[in-house]
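First comes the structure, then the notes that go with it.
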Amino acid sequence: MSSRKSERVSASRPETEIRGETFYPGPSRTPLGAYPPRERWDDWVELDPQAWPRRVERHCMLVPTTCFNCESACGLLAYVDRETLEIRKFEGNPEHPGSRGRNCAKGPATLNQVKDPDRILHPLRRAGKRGENRWQRVSWDEALDDIAARVRKALVEERPNDVMYHVGRPGEDGYTERVLAAWGVDGHNSHTNICSSSGRAGYQLWMGYDRPSPDHANAELILLISAHLESGHYFNPHAQRVMDGKARGAKLVVMDVRLSNSATHADHWLAPWPGSEPAILLAIANWLIQEDRYDREFVRRFWNWQEYMEAERPSEPAAFEAFEKALKTLYGEYSFEFAERESGVSASVIREVAELVAAAGPRLSTHNWRSAAAGNLGGWQVSRTLFLLNALTGAIGVPGGVFPNAWNKFVPKPIHTPKHPPQWNELTWPQEYPLAMNEMSFLLPHLLKDGRGRLEVYFTRVYNPVWTNPDGLSWIEAITDESKIGLHVALTPTWSESAYFADYVLPVGLGSERHDLHSYETHDAQWIGFRQPVLKEARARLGQPVKDTREVNPGEVWEENELWIDLSWRIDPDGGLGIRGYFESKRQPGAKLTVDEYYGFIFENSVPGLPERAKAFGLTPLEYMRRYGAFEVARNVGAQHTAPVPEAELADVRRNRQGRVFAHSDKPAAANVVPVPSPDPDAEGRRPVGIDVDGEVVRGFPTPSGRLEFYSSTLKAWGWPEHALPGYIRSHVHPQSLGEGEVPLIPTFRLPVQIHTRSANSKWLDEIAHTNPLWIHPTHAARLGVATGDLVRVETRIGHFVVKAWVTEGIRPGVVACSHHMGRWKLDGPGQRQMMPTVSLSHEGSRWLLRRVRGVEPFVSADADSSRIWWSDAGVHQNLTFPVQPDPISGMHCWHQAVRVTRAPPEDRLGDVSVDTAKSREAYAQWLSLTRPAATHSPDGTRRPFWLLRPLKPAREVYKLPGARVRS
Ligand code: SF4
């Protein structure tokens, strides 16, 4: 069998006519009427709405960039007034293959952020004690010289682990990781373990790739766990393709404890007990297996069933028929009735869904990202059991099914590639969590309190750890302690609860004020999107080139690309540390690398098809990207696991017993747009290049076996044999784990028009959504004597918060829910006045109280709307009251909480938060005790399986765990 050939995009394709309809001549293939034709992007004329009823024409340049408000990175077009060079509005970019000219509300609201009267415009240094929220203006030079000197000192004194960069929304593919690699530090820290690690773990264990790229548009059944239609991962690009699929007749099944907007569009809405989703998925899988409704050939060819039989059933023949028999036994216990008992969803409904799954066959698109995976102990089994359905039905790498993310993502080679850092940082990768998908970021305060390390320079970048993480008051304790963190540098476009506790607050650019390059798995294609400072491009079109983004951004706002280059030169001014060379020009050796050269190099040399496409437009590749903002590298990438491995890669081949093919070849991957698997070599140094399927060597998957790993030898080898197969782990909020009067709280859901802590400076969004009441079912509310609007106290195991009740049938009885998007606050002093009430923050020993002093109020500013603010409530910051609850395998914080809900006593006020951080420490220790550390469970004396993905992967030699006992 051979793979479908991906279609490279031709340089001059005729695209305006499709089936007789006129379409926009770009990759969006949407009706032309919606978008200005690109020939007129230099001078587009619109009537000024503010001058109405006078008809005043405004001439605009349409300059592309990409939205920075969520991970989707949809294309935007900035409408820049030719006369005033003011950005008048943002709309969708029809040249963008992922978002196809469409945006959610948060995209156009970028304009609010640009014009936010409270934004940070200049570098600031703290004037009082850390956390006093008093500031003085400093120059960029002063700030960067100080920071660079401290980083340099740490490096020169061989304390590389004292430098850490903690990122919230990356919005780019690898730029900053390469900066850190150039510095030689293992200092990357991310937010992923409070976001998607468990979702990723389930996928990675199956296929070696950690994300799905579902082909919703061509599916017959779309099965979603969580609210993808209004707030899912790659939200707008996926949502529009879900709707395409529905328009073609696909059925939609949504599992969600809440009646989300997605659930309202579903043919079947299943509201299971939180954490019981795998029980339902396994019951469906079992039914497919028992009824022989699965794709036998797909399973036979691509699962690692032989490895399973040899390892776990050595007395039985390692034959496929024996495996099928075993499969029937393995899953026999997961009946529909069992699933009903666990989930509360009726067996007959689950059967109906199972029949839909079987009928869809390979046209089954599924997705789980945060939601149930992010909420529960063992949540990684949610995505592992969900993907089991795709693996059973052969719905992988086929139209209407699911593609691994890397097949639908294109990351070009950069101008310089620093080496893997020769360091291992135990503050981010502690040895208790050898299988963690990402850095154990949310444990940082506890690891610092344990005395496991110290930070000399701690960068938070578009990240708000105090607010976003659980247990934020432990963060405040750690972050204000200068013996633990020497210097905290907050790189942020807007005020945040963490910025108050910084030493420097450095204003970095919004989506229209910075460069970034990225690619995401929105559908079966590959594209790159280019974020750029739109006024730089506008000025260039007017013949006024700009050297430094501070010349065009508001105030002294700087983009990070230029900032990191500059800072790296200050750290290593003479190149003696071996850092500066990675930030030098190739064209002019010894000169500072410019952003134009950096991206120009990539677009000219590393993106197949782009130079030809640009040439057809009479542009250089960089000019093309500045003018159109995106490029479709390939479409219909298709199946890659079936791609034959070229003969040239098959020198000195060895096959292991299960058909994994290793070869001595210094040839890298074939000229293919998809990265090639790279797990461990064999004992003689041969590289795994593919798998033998019925005598043909095909690419397979980047897992140790090269196949889809139904059976995870990794989990078994690293001390978790009981979870080596897709299975069901009862959540920490399973009824049997709840105490008297406790119910599960679902705190994970997003609101479609807000984005974590970065949208408080968007007046349009704030007016639509500015509070987060507690969803509570009428039967539950009646028992408590609570009505909508009443104050309730929600008690967690370390404290409590006070919130308004919202009585609704849109939630499963016996479960409560509260969106995490609200509850912003500011200390007396600067902050976002549109959405941040002023609070007092006090403590006696470990007992903290946060109490609202003033609600949101109207205020006078250059924006007349700020005096029209009519809301005062801004919700409650519930995350402060959550203990850390790391899953012992994936490392993901298990967000759901066991809580007691009562009517608030008279002394309580809306927004109150009370926490005892001594209890936080106890919870940390309790969850830590669930782990199986590398020191005692590593099979080979390493800290972590080398084949698992890891951001900023360090050099192989530092994987060795000093003094580890190697198990036989
Ligand atoms: S989904 Fe909305 S917030 Fe996210 S990138 Fe697209 S427009 Fe921006």
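The values are calculated or read from the model by the stated rules, or taken from the named source; none is laboratory data. Since this is a predicted model, take the numbers as computed values, not measurements. In this analysis, Cβ positions are derived from the backbone assuming ideal geometry, glycine residues included, and neighbour counts consider all displayed protein chains. To get the accessible areas, we keep the full protein, side chains included, count just its heavy atoms, and leave off ligands, DNA and RNA. Shrake-Rupley method; radii C 1.70, N 1.55, O 1.52, S 1.80 Å.
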Query raised in the report: If you take the residues in region 520-549 that are within 15 Å of Glu95 (Cβ to Cβ) and in a helix (DSSP H, G or I), which one is most open to solvent (accessible area, probe 1.4 Å)?
Result: Glu537
Query raised in the report: Do any residues in region 838-860 that are within 30 Å of Asp116 (Cβ to Cβ) have Cβ atoms under 8 Å from those of residues that are outside any strand (DSSP E or B) and of a type in the set (Phe, Trp, Tyr), where the two are at least six apart or on different chains, and which pairs are they?
Result: Thr838/Trp825; Val839/Trp825; Leu850/Trp825; Arg852/Trp825; Val856/Trp871; Pro858/Trp870
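Going by the conditions given, is Ala395 under 18 Å from the mean Cα position of the chain (by Cα), among the small types (Gly, Ala, Ser) and buried (at least 23 other Cβ atoms within 10 Å of the Cβ)? Write out each step before concluding.
Working: under 18 Å from the mean Cα position of the chain (by Cα): no; among the small types (Gly, Ala, Ser): yes; buried (at least 23 other Cβ atoms within 10 Å of the Cβ): yes.
The answer is no for Ala395.
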Report summary line: Residue hits (region 332-377; within 27 Å of the chain's Cα centre (by Cα) and either part of a helix (DSSP H, G or I) or among the aromatic types (Phe, Trp, Tyr) (or both)) are Trp369, Ser371, Ala372, Ala373, Ala374, Gly375
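How about region 119-128: which of its residues are touching a residue at least 24 places away in the same chain (Cβ under 8 Å) and either assigned to a loop (DSSP other than H, G, I, E, B) or within 16 Å of the ligand (Cβ to nearest atom) (or both)? Write out each step before concluding.
Applying the first criterion (touching a residue at least 24 places away in the same chain (Cβ under 8 Å)) to region 119-128 yields 119-126.
Answer for region 119-128, where residues must be touching a residue at least 24 places away in the same chain (Cβ under 8 Å) and either assigned to a loop (DSSP other than H, G, I, E, B) or within 16 Å of the ligand (Cβ to nearest atom) (or both): Arg119, Ile120, Leu121, His122, Pro123.
Please verify whether Phe601 is open to solvent by 10 Å² or more (accessible area, probe 1.4 Å) and under 30 Å from His59 (Cα atoms), treating the condition exactly as stated. Lay out the reasoning, then the answer.
Values: open to solvent by 10 Å² or more (accessible area, probe 1.4 Å): yes; under 30 Å from His59 (Cα atoms): no.
Judged against the criteria, Phe601 is not a match.
For region 569-582, does any single residue satisfy the condition of being open to solvent by less than 10 Å² (accessible area, probe 1.4 Å), of a type in the set (A, V, I, L, M) and in contact with a Lys or Arg (Cβ under 6 Å, 6 or more places away or on another chain)? First the steps, then the outcome.
From region 569-582, those open to solvent by less than 10 Å² (accessible area, probe 1.4 Å) are 571-572, 579; that's our starting set.
From the residues that got through so far, the ones that are of a type in the set (A, V, I, L, M) too are 571, 579.
Still in the list and also in contact with a Lys or Arg (Cβ under 6 Å, 6 or more places away or on another chain): 571.
The answer is yes, given that some residue of region 569-582 is open to solvent by less than 10 Å² (accessible area, probe 1.4 Å), of a type in the set (A, V, I, L, M) and in contact with a Lys or Arg (Cβ under 6 Å, 6 or more places away or on another chain).
May I ask you to list the residues in region 42-70 that are among the acidic types (Asp, Glu) and out of contact with any helix residue (DSSP H, G or I) (no Cβ under 8 Å at 6 or more places or on another chain)? It would help to see each step written out before you state the result.
First, pick out the residues of region 42-70 that are among the acidic types (Asp, Glu): 42-43, 46, 48, 57.
Within region 42-70, Asp43, Glu46, Asp48, Glu57 qualify.
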Report summary line: Being within 16 Å of the ligand (Cβ to nearest atom), touching a Leu at 6+ places or on another chain (Cβ under 6 Å) and open to solvent by less than 10 Å² (accessible area, probe 1.4 Å) narrows Gly98, Gly107 down to just Gly107
Report summary line: Given the conditions (1) in contact with a strand residue (DSSP E or B) (Cβ under 7 Å, 6 or more places away or on another chain); (2) away from the ligand (no atom under 16 Å from the Cβ); (3) of a type in the set (Phe, Trp, Tyr), every one holds for Trp52 apart from (1)
Query raised in the report: What are the residue pairs meeting all of these: first residue in region 425-449, first residue under 21 Å from Trp718 (Cβ atoms), second residue among the β-branched types (Val, Ile, Thr) and assigned to a helix (DSSP H, G or I), Cβ atoms under 9 Å, and 6 or more apart or on different chains?
Result: Leu435/Thr714; Met437/Thr192; Asn438/Thr192; Glu439/Thr192
Requested in this report: For region 424-441, state whether one or more residues are outside any loop (DSSP other than H, G, I, E, B) and within 25 Å of Glu158 (Cβ to Cβ).
Outcome: yes
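With Gly739, Gly727, Gly706, Gly719 as the choices, which residue is closer than 30 Å to Arg313 by Cα and in contact with a strand residue (DSSP E or B) (Cβ under 9 Å, 6 or more places away or on another chain)? So that I can check it myself, show each step before the final result.
Values: Gly739 fails: closer than 30 Å to Arg313 by Cα; Gly727 fails: in contact with a strand residue (DSSP E or B) (Cβ under 9 Å, 6 or more places away or on another chain); Gly719 fails: in contact with a strand residue (DSSP E or B) (Cβ under 9 Å, 6 or more places away or on another chain).
The conditions single out Gly706.
The rows are residues; the columns are (1) closer than 25 Å to Trp429 by Cα; (2) touching a His at 6+ places or on another chain (Cβ under 9 Å); (3) of a type outside the set (Ser, Thr, Tyr).
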{"residue": "Asn112", "(1), (2), (3)": "no, no, yes"}
{"residue": "Asp118", "(1), (2), (3)": "no, no, yes"}
{"residue": "Leu121", "(1), (2), (3)": "no, no, yes"}
{"residue": "Glu142", "(1), (2), (3)": "no, no, yes"}
{"residue": "Asp146", "(1), (2), (3)": "no, no, yes"}
{"residue": "Glu158", "(1), (2), (3)": "yes, no, yes"}
{"residue": "Arg169", "(1), (2), (3)": "yes, yes, yes"}
{"residue": "Gly184", "(1), (2), (3)": "yes, no, yes"}
{"residue": "Thr192", "(1), (2), (3)": "yes, no, no"}
**Report entry** So Asn161, is it open to solvent by 20 Å² or more (accessible area, probe 1.4 Å), in contact (Cβ under 8 Å) with a residue 24 or more places away in the chain and not charged (D, E, K, R)
**Finding:** yes
**Report entry** Counted residues, region 55-86 - those being touching a Cys at 6+ places or on another chain (Cβ under 7 Å), more than 16 Å from the ligand (Cβ to nearest atom) and of a type in the set (A, V, I, L, M)
**Finding:** 1
Query raised in the report: Looking at (1) of a type outside the set (Lys, Arg); (2) crowded, with 23+ Cβ neighbours inside 10 Å; (3) within 16 Å of the ligand (Cβ to nearest atom), which is the one condition that is false for Asp116?
Result: (3)
Report task. Give the residue that is surrounded by the fewest Cβ atoms within 10 Å (Cβ to Cβ), with candidates limited to residues of region 904-930 that are out of contact with any helix residue (DSSP H, G or I) (no Cβ under 9 Å at 6 or more places or on another chain) and among the polar types (S, T, N, Q). Result -> Ser929
Report summary line: Among Arg452, Arg370, Arg384, the single one that is within 27 Å of Thr522 (Cα to Cα), among the basic types (Lys, Arg) and open to solvent by 10 Å² or more (accessible area, probe 1.4 Å) is Arg370
Query - Matching residues in region 108-118 - criterion: being in contact with a helix residue (DSSP H, G or I) (Cβ under 7 Å, 6 or more places away or on another chain) and either of a type in the set (Ser, Thr, Tyr) or assigned to a loop (DSSP other than H, G, I, E, B) (or both) - result: Ala109, Pro117
Query raised in the report: Of everything in region 216-234 that's surrounded by fewer than 24 Cβ atoms within 10 Å (Cβ to Cβ) and of a type outside the set (A, V, I, L, M), which residue is farthest from the ligand (Cβ to nearest atom)?
Result: Glu220
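Hey, can you tell me all the residues within region 917-958 that are of a type in the set (Phe, Trp, Tyr) and modelled with pLDDT under 95? Spell out the reasoning first.
Step one: of region 917-958, the residues of a type in the set (Phe, Trp, Tyr) are 924, 927, 946-947.
Matches in region 917-958: Phe946, Trp947.
For region 158-257, please list each of the helices (runs of 4 or more DSSP H) lying entirely inside it that holds at least 2 residues being over 27 Å from Ala525 (Cβ atoms) and modelled with pLDDT of 95 or more.
On the way: elements: 175-183, 197-207, 228-231, 235-247.
Output list reads 175-183.
Does Glu795 satisfy the criteria of being under 29 Å from Gly344 (Cα atoms), among the charged types (D, E, K, R) and either modelled with pLDDT under 95 or open to solvent by 50 Å² or more (accessible area, probe 1.4 Å) (or both)? Working first, answer last.
Working: under 29 Å from Gly344 (Cα atoms): yes; among the charged types (D, E, K, R): yes; either modelled with pLDDT under 95 or open to solvent by 50 Å² or more (accessible area, probe 1.4 Å) (or both): yes.
Answer is yes for this residue.
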